[in-house]
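**Q** What follows is a single structure, and I will ask about it in a moment.
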Amino acid sequence: MRSANRSDGRDGLPAFFWAAAPFVVLILLWQLVVELFDVSPLVFPSVPAVLRAGLDGLADGSLAAHVGASLLRVATGTALAVLVAVPLGMAMGTQRGIAAFFTPLLRFFSVLAGIAWIPIATLWFGYGFGAIVFVIFNAVFFVVTYNTVLGVSTIPIELRRAAASLGAARLAIVREVLLPGALPNIVTGIRTGLGFAWRGLIAAEMIATSTGLGYMLFLARDFYRTEVIVLGMILVGAIWLALDRLLLAPLERRTIERWGLVRPT
Amino acid sequence: MKELVVENLSKVYFDPRLGERVTALDGVSLRITPGEFVAVAGPSGCGKTTLLNLIAGFLEPTSGRILLDGREIDGPGPDRGVVFQSYALFPWKTVLENVAFGPRMRGLPRAECEARARRWLELVGLGHVANRYPRELSGGMQQRVGVVRALANEPEILLMDEPFAAVDAQTRMTLQEELARIFEERRPTIFFITHDVNEAVFLADRVLVLSKGRLREEIPVPIPRPRRWAALVENDSFKALVGRVLQAVRTA
Ligand SMILES: Nc1ncnc2c1ncn2[C@@H]1O[C@H](COP(=O)(O)OP(=O)(O)OP(=O)(O)O)[C@@H](O)[C@H]1O
Ligand SMILES: [Mg+2]
């Protein structure tokens, strides 16, 4: 474990370089094609135009506002989903009856999770924060519930029995055994769910709001601002990569190391 | 005095794969008095684990009763400590937290739980690994923690299901001697399951032979304590008793 950490630090920079290199090539190629064929900015923007759009957005604060609005919605929807999904998953993982009742429902609704909820969400919550948070909630909720159930089922029965015969009551078993034992799966579920949520978010924001990254993309289309569209697309991808690589993946790895029933190799 | 009484206990499983009922225990009665070390020996599949799981409260009997101190047991409880073959230590807790778990569940103050856990760990020479995680320990050390975790909770009876079956032969003998020593010093009540006839005779005051769900024979072990392997391997009465139990297991 210790040696793995050391090599992490040493390999960090070259790994980043090798991951960034293909993008650099792509950007160079893009600029080359735009210049060579004299592509109209109405069809596709040049690299400097996108950079300028980014700098303008930073200067007038609109970029930060859009990104901030999107992140706040994702954070709220995810937090609410985890708060409901983990207790439900715990109950399903321990009570056969509850599992039997909810499993078919979850299976059905997990197909609908995502943008299929936008029409009804906008009817219920109106256009804006509530409707989009609801879509995010749906995207995260089912995956986290499923992974919580899975996590509980991987806990050896002996661990529950040991806790019970050491005097742990029902709630104490949940707190001391089921929750920590299922935590690696729960974190994996959150990571997967957030991936769905991020994609759903962009789609929902195109329809159901007047701020956020998705809205920025969609609005730019009406004004033929291809440089803003491409800037938005780059941000959607880049923010997710940063979120996943810098926050979620390390969190998942640490959880497995610290709480995992089996050691990661 | 808290006596364990098992009355006419039966357990029938339904095996969904075979689509038929399996009688794992068939009218077992026994009695364990406080401070007694009772071993159950028998071939694989004879119902040993089933018997222990029923006493622990992990399973419900099909018929019959289990009484501890005159009261029928109802589910698992801290009056019956269990040591598992798979150790069953909490992997996300340190060794100290594992041993302190029982006292903590009983609501004792944290400092006292830790002090008690530390005392027990030192008793088996594990004071120096108190802050390690179970996976960092060898199998033998993990099972020492398993035994001490159960003992630190001061149960009325200790239930052990083949606790030393997963460690190498050398370590097994050490663990057996340690358990014998703890028993000689503190006289806990122990119900010990094994398929190792030598182990049963070495440890127990009384060996019950179980076969096909029924108790076939009861063999007292009048070998004086303290018991140590060095003295017993060549001891004639030890060898004779092992032979007797082996005979009973094989013909049962
Ligand atoms: N959950 C179960 N469902 C169906 N049959 C079972 C179940 N558990 C045990 N059995 C059966 O009951 C019988 C007794 O099993 P048990 O585990 O008590 O034996 P054992 O003496 O502990 O064996 P071993 O020495 O292999 O551990 C066996 O025939 C076994 O196949
Ligand atoms: Mg068994």
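**Q** Compute the accessible area per residue over the protein assembly as shown, keeping the other protein chains in place, probe 1.4 Å, unit Å².
**A** On a per-residue basis, the protein assembly as shown sits at 50 Å².
**Q** 5 Å is the cut-off here: which amide hydrogens, built 1.01 Å from N in the peptide plane, fall below it relative to B:R132, excluding neighbours closer than 5 in sequence?
**A** B:V95, B:L96
**Q** Just list whichever of B:K2/B:K239; B:K212/B:K239; B:K48/B:K239 have alpha carbons separated by over 31 Å in the model shown.
**A** Cα-Cα > 31 Å for B:K2/B:K239; rest within.
**Q** Could you work out [θ]222 nm for chain A from helices alone, using -39500 (n - 2.57) per DSSP H run of at least four and dividing by all its residues? Round to the nearest 500 deg cm²/dmol.
**A** -27000 deg cm²/dmol
**Q** Restricting attention to the stretch A:186-253, which chymotrypsin sites (Phe, Trp or Tyr not before Pro) occupy a DSSP loop and are surrounded by at most 14 other Cβ atoms within 10 Å?
**A** A:F223, A:Y224
**Q** A further question on this structure: Check each of the chymotrypsin sites (Phe, Trp or Tyr not before Pro) in the stretch A:74-111 and keep only those in coil by DSSP with at most 10 other C-beta atoms within 10 angstrom; list them in order.
**A** Within the stretch A:74-111, no chymotrypsin sites (Phe, Trp or Tyr not before Pro) qualify (loop, at most 10 other Cβ atoms within 10 Å).
**Q** Another one. Please state, rounded to one decimal and in Å, the Kirkwood hydrodynamic radius that the protein assembly as shown gives when every pair of distinct Cα atoms enters the mean of 1/r.
**A** About 27.6 Å for the protein assembly as shown.
**Q** Here's a follow-up. For the stretch A:63-259, what relative contact order do you get, as a whole percent, if you take Cα pairs closer than 8 Å and at least 6 residues apart?
**A** Relative CO of the stretch A:63-259 lands at 27 percent.
**Q** In addition: Provide, as a two-decimal number, the C-alpha radius of gyration of chain B over 2.2 N^0.38 Å, N being how many residues it has.
**A** Chain B yields a ratio of 1.01.
**Q** Stokes-Einstein at 10 °C, 1.306 mPa s, Kirkwood radius from Cα pairs: D for the stretch A:63-259 in µm² s⁻¹?
**A** Diffusion coefficient, whole number: 88 µm²/s.
**Q** Count, for each residue of A:165-176, the Cβ atoms from other chains sitting within 10 Å of its Cβ, then give me the mean as a whole number.
**A** Numbers: counts 19, 18, 14, 7, 1, 0, 0, 3, 1, 0, 0, 7.
For peptide A:165-176, the averaged partner shielding equals 6.
**Q** Another question, if that's okay. For Cα pairs less than 8 Å apart in space and 6+ apart in sequence, what is the mean separation divided by the residue count of the stretch A:24-152, i.e. the relative contact order in percent? Intermediate values should be presented prior to the final figure.
**A** Numbers: 97 pairs, mean separation 38.1, N = 129.
With pairs under 8 Å counted, the relative contact order is 30 percent.
**Q** Projected onto the charge dipole of the protein assembly as shown (+1 at Lys/Arg Cβ, -1 at Asp/Glu Cβ, origin at the Cα centre), which of A:T78, A:G232, A:P156 gives the Cα projection farthest towards the positive end?
**A** Value computed over the given set: A:P156.
**Q** Quick one: Karplus J couplings for the stretch A:52-66, per residue in order, coefficients 6.51, -1.76, 1.60, θ = phi - 60°, nearest Hz, x for Gly and Pro?
**A** Whole-Hz 3J(HN,Hα) from phi for the stretch A:52-66: 5, 4, x, 5, 4, x, 5, 5, 8, x, 5, 5, 4, 5, 5.
**Q** Give the Rg (one decimal place) followed by the Dmax (whole number) of the stretch A:71-125, computed from C-alpha coordinates and expressed in Å.
**A** For the stretch A:71-125, the Cα radius of gyration and maximum Cα-Cα distance read 13.5, 37 Å.
**Q** As an exercise, use a Förster radius of 51 Å and the Cβ-Cβ distance of A:L71 and B:R110 to find the FRET efficiency, rounded to the nearest 0.05. Numbers along the way, then the final one.
**A** Numbers: r = 39 Å, r/R0 = 0.77.
Here the calculated transfer efficiency is 0.85.
**Q** Okay, next question. I'd like to compare B:64-77, A:130-143, B:190-203: which one has the highest average count of other Cβ atoms within 10 Å, and what's the full order after that?
**A** Highest to lowest by the protection proxy: A:130-143, B:190-203, B:64-77.
**Q** Considering the alpha-carbon set of the stretch B:6-48 alone, what are its Rg and its Dmax in angstrom?
**A** 13.4, 43
**Q** Probe radius 1.4 Å, ligands and nucleic acids left out: can you give me the accessible area buried at the A-B interface, summed over both chains, in Å² to the nearest hundred? Before the final figure, lay out the partial values.
**A** Working: alone 15890 and 12090 Å², together 26060 Å².
Chains A and B together bury roughly 1900 Å² of accessible area.
**Q** Using the Cα centre of the stretch A:63-259 as origin and beta-carbon charges of +1 (Lys, Arg) and -1 (Asp, Glu), tell me which of A:F196, A:A131, A:P104 is placed farthest towards the positive end of the dipole.
**A** A:P104
**Q** Mind listing the phi-derived Karplus ³J(HN,Hα) values for the stretch A:238-252, rounded to whole Hz, using 6.51, -1.76 and 1.60 with θ = phi - 60°, and x for any glycine or proline?
**A** Coupling constants for the stretch A:238-252: 5, 5, 5, 4, 4, 4, 6, 6, 8, 10, 6, 5, x, 4, 4 Hz.
**Q** Let me spell out the model: positive unit charges on the Cβ of Lys and Arg, negative unit charges on the Cβ of Asp and Glu, origin at the Cα centre of the stretch B:48-154. What dipole size does that give, in debye rounded to 20?
**A** So the magnitude is around 280 debye.
**Q** Once amide H atoms are placed 1.01 Å from N in the peptide plane, what residues at a sequence separation of 5 or more from B:V83, or on another chain, have their amide H within under 5 Å of its amide H?
**A** Distant-sequence amide H within range of B:V83: B:L159, B:M160, B:D161.
**Q** Taking amide hydrogens as modeled 1.01 Å from N in the peptide plane, which residues meet the under 5 Å criterion relative to B:T189, leaving out close sequence neighbours?
**A** Under 5 Å from the amide H of B:T189: B:G35, B:L158.
**Q** Rounding to the nearest 20 debye, state how big the charge dipole of the stretch A:63-259 is about its Cα centre with +1 on each Lys and Arg Cβ and -1 on each Asp and Glu Cβ.
**A** 440
**Q** About the Cα centre, and with charges only on the beta carbon of Lys, Arg (+1) and Asp, Glu (-1), how big is the dipole of the protein assembly as shown? Nearest 20 debye, please.
**A** 600
**Q** Further, regarding this structure: Quick one: 3J(HN,Hα) in Hz for the stretch B:194-205, Karplus 6.51/-1.76/1.60 with θ = phi - 60°, rounded, Gly and Pro as x.
**A** 7, 10, 9, 5, 4, 4, 4, 5, 4, 8, 8, 7
**Q** Per the 1.4 Å probe, what fraction of the accessible area of the protein assembly as shown, in percent, lies on carbon and sulfur atoms?
**A** Roughly 61 percent of what the probe reaches on the protein assembly as shown is carbon or sulfur.
**Q** Taking the alpha-carbon centroid of each part, what is the distance from the stretch B:76-131 to the stretch A:119-136 in angstrom?
**A** The stretch B:76-131 and the stretch A:119-136 have Cα centres separated by 50 Å.
**Q** Counting only C-alpha contacts under 8 Å and six or more residues apart, can you give the relative contact order of chain B as a whole percent?
**A** Answer for chain B is 25 percent.
**Q** Under the definition of partner shielding as Cβ atoms of other protein chains within 10 Å of a residue Cβ, what is the mean value for peptide A:152-160?
**A** 3
**Q** Let me ask something else about it. Would you tell me the mean number of C-beta atoms belonging to other protein chains that fall within 10 Å of each C-beta in B:81-87, as a whole number?
**A** 4
The values are calculated or read from the model by the stated rules, or taken from the named source; none is laboratory data. Note that the structure is predicted; figures quoted are calculated from it, not measured. Positions of Cβ are generated from backbone atoms using ideal geometry, with glycine treated the same way; all protein chains shown enter the neighbour counts. Side chains included, ligands, DNA and RNA excluded: accessible areas come from the protein's heavy atoms. Shrake-Rupley method; radii C 1.70, N 1.55, O 1.52, S 1.80 Å.
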